[in-house]
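Enquirer: Have a look at the structure that comes next, please.
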Amino acid sequence: MGDADRYGTFVCGYGETMSTDTFAEVQALLEDLDFPADKDAIVRHAAGRGAQENSAAVRALRGMPLATYRNISEIRSSVDLDPSETPD
């Protein structure tokens, strides 16, 4: 299992979940990313935008499956949203 963030929400990484706040941070970090992009390029881009190596967003991106992603929606689909935060 991964590490809990300061709010107690487990961040993603193979079978774990990502909070909506973490995904909002991921979106902001990747807003100018040129797609398609593979996982490594995505993580590098986030780091280049100033993301801390141990931030929930970077841990979430590192937890994605190895793949080439065509857009932010595919990145979002590659991890589970925290069940307590999903709309009914």
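Every number here is computed from the coordinates shown, using simple stated rules; none is lab data. All of these numbers come straight from a predicted model, not from anything done at the bench. Positions of Cβ are generated from backbone atoms using ideal geometry, with glycine treated the same way; all protein chains shown enter the neighbour counts.
Enquirer: With the crude spin-label approximation of a point 7 Å out along Cα→Cβ, what separation in nm comes out for ASP38 versus LEU66?
Expert: 0.8 nm
Enquirer: Taking only the alpha-carbon atoms of segment 17-82, what semi-axes of the equivalent ellipsoid follow from 5 times the gyration tensor eigenvalues under a square root, in whole Å, largest first?
Expert: Each semi-axis is √(5λ); the values are 15, 14, 11 Å.
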